[in-house]
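Step one of this worksheet: look at the structure below.
Since every read-out is calculated from the coordinates, none of them should be taken as a lab result. Worth saying up front: this structure is predicted, and the values here are computed from it rather than measured. Here the Cβ is made from the backbone with ideal geometry for all residues, glycine too, and neighbour counts use every protein chain on show.
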Amino acid sequence: MLKKCPICELNYLRGSETICRVCASARVKRHAPEVQETVMCSECGEKPALPGHDLCEDCLKEQKRQANLEVLADKIRADEAEDPLEEDLESSDEEE
Ligand SMILES: [Zn+2]
Ligand SMILES: [Zn+2]
């Protein structure tokens, strides 16, 4: 004997359910709207991520540090790339 969910009247109840699973999960959400789900840092998985981020404070700092390092490395690489070009031009000038 299948009973229908009294709330949505769409889904059938299973076992000892009084409301269907869809309505049950909707209720849970409605009852606890203020409780923020704690998302763990996707990097270290040990600390809760900051709101709006998927990384914790430490990993965000580390990410920023790495980003700065990459910017620095790019600058250094750009500088290094320029130097040999100039040398090549100079040496080819001498050869000609
Ligand atoms: Zn329902
Ligand atoms: Zn982390």
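Ordered by the count of other Cβ atoms within 10 Å of each Cβ, fewest first, SER16, SER25 give SER16, SER25. In this structure, the amide hydrogen of MET40, modeled 1.01 Å from its nitrogen in the peptide plane, lies closer than 5 angstrom to those of ALA49, counting only residues at least 5 positions away or on a different chain.
By other beta-carbon atoms within 10 Å, ranking LEU60, LEU55 with the fewest at the front produces LEU60, LEU55.
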